[in-house]
Structures are given as structure tokens and as C-alpha cells.
Amino acid sequence: MIVVLLGAPGSGKGTQGVPLGDHLHLAHVASGDMFREHLKAGSKLGQLAQSYMNRGLLVPDDVTIRMVLERMSRPDAQGGVILDGFPRTLAQAEALDEALAQQGEGVDVAPYVVVSTEELLRRLSGRWVCRAAGHSWHTVSNPPKQPGVCDFDGSELYQREDDSPEVAGKRLQVYFEQTAPVVDYYRGRGVLAEIDGEQSIDGVFKALVDAIHSRQEPPAAA
Ligand code: AMP
């Protein structure tokens with residue numbers, strides 16, 4: 001099962017991706033998280049990625065594609081994956097299709113979490129993320145029980161540098177220019193499933209699970 005989770009920065013993908021992977025027993029592969037891990041580890045790739053992330057720009061396709069395909073080849077991803085934040089360009093979408101086709105596979109479903117631009121900007125400016133696992137919180141719409149502490153794992157919450165108003169605005173612009181065509185790409189392939197991203201967090205989760213289950217192949221008859 002290959003799921004491509006689509007949605008603009010701030011659409012709630014980050015909130016849904018981890019629990020969705022756990023619930024469906026699929027590996028959660030988030031390219032942004034991978035870049036942040038590289039950055040934390042001080043790797044060359046992390047330093048390269050940072051120079052783009054800080055400006056709200058996309059990391060070049062070749063390094064991004066190589067990193068994600070390598071991640072997808074690891075044992076824990078063989079039962080299926082939820083791709084979160086990848087592909088973000090048409091070139092990435094095509095590279096993914098090519099790699100999957102070589103294994104006789106393809107993207108099964110691309111749920112697209114739809115949220116208005118005004119709401120996206122509001123959400124990005126109040127977002128706090130936990131250090132341990134990247135769980136997302138929001139000062140107004142989804143506050144943690146104790147300010148600054150993640151309800152799930154007790155780790156410290158921080159604001160991402162690229163959630164500053166200037167960089168967040170740039171990220172949205174980049175999204176509309178470079179990633180919106182990816183939505184049309186999957187629509188053209190008949191795998192897009194539009195999800196209302198302005199309902200409750202639980203409502204979005206349920207809609208995502210339903211959309212994914214509805215595309216899952218029924219088990220073969222015994
Ligand atoms: P995210 O956590 O998904 O919002 O990603 C944070 C940042 O990482 C983005 O603004 C980009 O700079 C970079 N990034 C993440 N995924 C990709 C991708 N598929 N292609 C290029 N850059 C990416």
C-alpha cells in the first residue's frame with residue numbers, strides 16, 4: 001500500500017501523519033522530518049537542506065528523491081508507506097512512479113487535505129512541535145494540556161524557524177507554484193481523494209482512514 005499524503009504547509013498533514021501510520025501499520029516517511037534529522041546530526045545533507053529550508057525553498061529534487069527512495073527500500077517500509085511531504089514537485093512524482101513501476105507497484109491513493117489559504121497562514125503562525133516525535137500543537141485550535149509540553153510524550157515544544165510569518169508566506173507561495181501541480185497529477189491518475197481539512201482533527205483522521213481503506217484491495221478469497 002503506497003499512500004501519498006498531500007496538503008499545503010499547515011494543512012494538518014503533520015498532525016495526522018504519525019497516528020495514521022500507526023493506525024494503518026504503514027511506515028510514516030516524512031521528507032521534512034528526515035531533513036531535520038540530518039540537520040540535527042550535522043550531516044552534509046542536513047547542512048545543504050538547511051540553506052533551502054531557512055528560506056522556505058524546496059531542497060533540490062535529485063538529493064530529495066535519492067533520500068526518500070533509499071528510505072522506502074528499508075525493511076520496515078516493505079509492508080507499505082505513507083509518504084508525507086513527498087513528492088512536492090512533478091519531477092519527484094514522476095521519479096516515484098518510475099521507481100514503484102520497477103517493482104510492479106504504484107501509488108494507491110493520494111488523500112489531499114484541503115484548507116483555505118487564510119486558515120493555513122493562521123495555523124502556521126501558532127504552530128508548536130514536540131522535539132521527541134514531531135507531534136504538532138496549536139496555541140488556539142489544538143493547545144497541549146500544559147503549555148510548552150507535548151501531551152503524548154512529555155517532550156519540550158518548540159516553534160520551527162520556518163514557521164515565522166515571512167518564511168511561512170514563502171513556503172505557501174512555493175507550495176502553490178510547485179506542489180499544486182502534483183495534486184493535478186494524481187487527480188489525472190484517478191487516485192486523488194479530497195479531504196475537508198477544516199473539520200475537527202478527529203474528523204480529518206477518520207476521513208483519511210476511510211479514503212485509504214476504500215482503495216485497499218480486498219483480501220484474496222480463500
Ligand atoms: P515540511 O516539514 O514537510 O514542511 O518540510 C520542511 C522543509 O523541508 C520544506 O519547506 C523544504 O525546504 C524541505 N522539504 C521537505 N520535503 C521536501 C521535498 N519533497 N522536496 C523538497 N524540499 C522538501
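Here is how the numbers come out for the structure above:
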{"quantity": "Residue count, the range 183-216 (criterion: part of a helix (DSSP H, G or I), in contact (Cβ under 8 Å) with a residue 40 or more places away in the chain and not small (Gly, Ala, Ser))", "calculated": "10"}
{"quantity": "Boolean, Met1 is open to solvent by 10 Å² or more (accessible area, probe 1.4 Å) and farther than 30 Å from Val140 by Cα", "calculated": "yes"}
{"quantity": "Whichever residue in the range 35-54 is in a loop (DSSP other than H, G, I, E, B) and more than 11 Å from the ligand (Cβ to nearest atom) and, among such residues, is surrounded by the fewest Cβ atoms within 10 Å (Cβ to Cβ)", "calculated": "Gly42"}
{"quantity": "Boolean, Lys145 is within 16 Å of the ligand (Cβ to nearest atom) and either among the charged types (D, E, K, R) or not in a helix (DSSP H, G or I) (or both)", "calculated": "no"}
{"quantity": "Of all residues in the range 55-68 being touching a residue at least 40 places away in the same chain (Cβ under 8 Å) and either farther than 29 Å from Gln159 by Cβ or near the ligand (Cβ under 7 Å from one of its atoms) (or both), the one that is most open to solvent (accessible area, probe 1.4 Å)", "calculated": "Leu57"}
{"quantity": "Gln199 modelled with pLDDT under 85, away from the ligand (no atom under 16 Å from the Cβ), open to solvent by 50 Å² or more (accessible area, probe 1.4 Å) and more than 18 Å from the chain's Cα centre (by Cα)", "calculated": "no"}
{"quantity": "Close pairs from the range 15-38: first free of Cβ contacts under 8 Å to residues at least 40 places away in the same chain, partner more than 10 Å from the ligand (Cβ to nearest atom), Cβ under 7 Å, at least 6 apart", "calculated": "Met34/Arg71; Phe35/Gly46; His38/Leu45; His38/Gly46"}
{"quantity": "Output for the range 88-145, where each listed residue is surrounded by fewer than 13 Cβ atoms within 10 Å (Cβ to Cβ) and either closer than 24 Å to Gly169 by Cβ or out of contact with any Phe, Trp or Tyr (no Cβ under 9 Å at 6 or more places or on another chain) (or both)", "calculated": "Glu98, Ala101, Gln102, Gln103, Gly104, Gly106, Ser116, Thr117, Glu118, Val140, Lys145"}
{"quantity": "Among the residues listed as Gly21, Gly32, Gly17, the single one being in contact with a strand residue (DSSP E or B) (Cβ under 6 Å, 6 or more places away or on another chain), assigned to a helix (DSSP H, G or I), among the small types (Gly, Ala, Ser) and within 10 Å of the ligand (Cβ to nearest atom)", "calculated": "Gly17"}
{"quantity": "Hits in the range 153-174 - residues which are at pLDDT 95 or above and either hydrophobic (A, V, I, L, M, F, W, C) or within 21 Å of Leu121 (Cβ to Cβ) (or both)", "calculated": "Leu157"}
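The values are calculated or read from the model by the stated rules, or taken from the named source; none is laboratory data. Predicted model, so just to flag it, every value in this text is computed and none were measured. Cβ atoms come from the backbone with ideal geometry, glycine included; neighbour counts cover every protein chain shown. For accessibility, only protein heavy atoms count, side chains too; no ligands or nucleic acids. Shrake-Rupley method; radii C 1.70, N 1.55, O 1.52, S 1.80 Å.
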